[in-house]
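K.L.:
One structure is given below, represented as structure tokens, and several questions about it will come after.
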Amino acid sequence: GDSVTQMEGPVTLSEEAFLTINCTYTATGYPSLFWYVQYPGEGLQLLLKATKADDKGSNKGFEATYRKETTSFHLEKGSVQVSDSAVYFCALSDKGQNFVFGPGTRLSVLP
Amino acid sequence: DGGITQSPKYLFRKEGQNVTLSCEQNLNHDAMYWYRQDPGQGLRLIYYSQIVNDFQKGDIAEGYSVSREKKESFPLTVTSAQKNPTAFYLCASSIRGSEKLFFGSGTQLSVL
């Protein structure tokens, strides 16, 4: 079945550092790809999405590009802030019928 | 404001007891979902419902039951058959066929 793999955390960075969180997927079809963020004690919020190959999703300074050739959707941000500390989940969906989430990567940003 | 409300935020279960987690949404969404989140693991799908009076098992439905009598409500019962119920439970909803999930703030269930 479909699956999502993320780099293991936790990731600890200093404020203004560059962030990369790796995500790769396995899917039989052509899924849409997502990054969700979870702040402490809360549910998940959609951060960004891409629906086809070479699409770039972006939001709040975060970006991720749908790479079909490498089956990847890595999350990047040029300069992280303390407020970005959270757990980040990579996910895929097959036309809204089936959502598969990765294990999540905890990010801690130190002032 | 529209959204998804889960209650209670914290819940404790005694051995052999059934407990019910509430999930209500006023987004007029057709589809609703229950996920279980364990530390260091991704979300695992317990049950989902695409329309009223219909629901389907997810990947880990054993020991759980649901009902969908109203569009806005999708309660989850954790039965005594679920031997390891301690987890964070998340309810979500979406427009049917949409690829965007809206999540509630979760319920932390613990065993006494």
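Listed here are the residues, each with its yes/no results for (1) in contact with a Phe, Trp or Tyr (Cβ under 7 Å, 6 or more places away or on another chain); (2) more than 23 Å from residue B:49 (Cα to Cα); (3) hydroxyl-bearing (Ser, Thr, Tyr).
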site	(1), (2), (3)
A:9	no, yes, no
A:15	no, yes, no
A:52	yes, yes, no
A:74	no, yes, no
A:81	no, yes, no
A:91	yes, no, no
A:94	no, no, no
A:99	no, no, no
A:109	no, yes, no
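K.L.:
Of all the residues that make up segment B:57-83, how many are touching a Gly at 6+ places or on another chain (Cβ under 6 Å) and touching a residue at least 24 places away in the same chain (Cβ under 8 Å)?
P.N.:
Initially, segment B:57-83 is screened for residues touching a Gly at 6+ places or on another chain (Cβ under 6 Å), giving B:79-82.
If we keep only those that are touching a residue at least 24 places away in the same chain (Cβ under 8 Å) too, we end up with B:79-80.
Total satisfying the criteria: 2.
K.L.:
Additional query: Any idea which of A:87, A:80 is assigned to a loop (DSSP other than H, G, I, E, B) and either closer than 28 Å to residue B:7 by Cα or more than 14 Å from chain B (Cβ to nearest Cβ) (or both)?
P.N.:
It is A:80.
K.L.:
Considering every residue within segment B:97-104, establish whether at least one is touching a residue at least 60 places away in the same chain (Cβ under 8 Å) and farther than 16 Å from residue A:99 by Cα.
P.N.:
yes
K.L.:
Only one residue in A:57, A:43 is crowded, with 20+ Cβ neighbours inside 10 Å, without any contact (Cβ under 8 Å) to a residue 12 or more places away in the chain, among the small types (Gly, Ala, Ser) and out of contact with any Pro (no Cβ under 7 Å at 6 or more places or on another chain), so which one is that?
P.N.:
Details: A:57 fails: without any contact (Cβ under 8 Å) to a residue 12 or more places away in the chain.
Every option except A:43 fails the conditions.
K.L.:
Identify, by number, the condition in (1) closer than 17 Å to residue B:21 by Cα; (2) more than 11 Å from chain A (Cβ to nearest Cβ); (3) surrounded by fewer than 15 Cβ atoms within 10 Å (Cβ to Cβ) that residue B:53 doesn't meet.
P.N.:
(1)
K.L.:
Sticking with this structure for a sec: For residues that are outside any strand (DSSP E or B), within 12 Å of chain B (Cβ to nearest Cβ) and of a type in the set (Ser, Thr, Tyr), scanning just segment A:36-70, find the one that is farthest from residue A:84 (Cα to Cα).
P.N.:
Going through the qualifying residues, I end up with A:51.
K.L.:
Look through segment B:84-111, keep the residues that are out of contact with any Gly (no Cβ under 7 Å at 6 or more places or on another chain), assigned to a loop (DSSP other than H, G, I, E, B) and under 24 Å from residue B:40 (Cβ atoms), and return whichever of them is nearest to the other protein chains (Cβ to nearest Cβ).
P.N.:
B:101
K.L.:
Quick one: residue B:71 ticks every box in (1) in contact with a strand residue (DSSP E or B) (Cβ under 7 Å, 6 or more places away or on another chain); (2) more than 9 Å from chain A (Cβ to nearest Cβ) bar one, so which box is it?
P.N.:
Here residue B:71 meets the rest and fails (1).
K.L.:
Residue B:81 - would you say it is buried (at least 22 other Cβ atoms within 10 Å of the Cβ) and either within 13 Å of chain A (Cβ to nearest Cβ) or at pLDDT below 95 (or both)?
P.N.:
Numbers: buried (at least 22 other Cβ atoms within 10 Å of the Cβ): no; either within 13 Å of chain A (Cβ to nearest Cβ) or at pLDDT below 95 (or both): yes.
Against the criterion (buried (at least 22 other Cβ atoms within 10 Å of the Cβ) and either within 13 Å of chain A (Cβ to nearest Cβ) or at pLDDT below 95 (or both)), residue B:81 does not qualify.
K.L.:
Scan segment B:37-77 for residues that are part of a loop (DSSP other than H, G, I, E, B) and among the β-branched types (Val, Ile, Thr) and report the count.
P.N.:
2
K.L.:
Then there is this: How many residues, within segment A:4-34, are modelled with pLDDT of 95 or more, among the aromatic types (Phe, Trp, Tyr) and over 10 Å from the mean Cα position of the chain (by Cα)?
P.N.:
Adding up the residues that qualify gives 2.
K.L.:
Against the condition more than 20 Å from residue B:106 (Cα to Cα), within 11 Å of chain B (Cβ to nearest Cβ) and in contact with a Pro (Cβ under 6 Å, 6 or more places away or on another chain), how does residue A:33 come out, does it pass?
P.N.:
Details: more than 20 Å from residue B:106 (Cα to Cα): yes; within 11 Å of chain B (Cβ to nearest Cβ): yes; in contact with a Pro (Cβ under 6 Å, 6 or more places away or on another chain): no.
Against the criterion (more than 20 Å from residue B:106 (Cα to Cα), within 11 Å of chain B (Cβ to nearest Cβ) and in contact with a Pro (Cβ under 6 Å, 6 or more places away or on another chain)), residue A:33 does not qualify.
The values are calculated or read from the model by the stated rules, or taken from the named source; none is laboratory data. For clarity, every value in this text was computed on a predicted model and none was experimentally measured. Note that we place each Cβ from the backbone using ideal geometry, even for glycine, and neighbour counts take in every protein chain shown.
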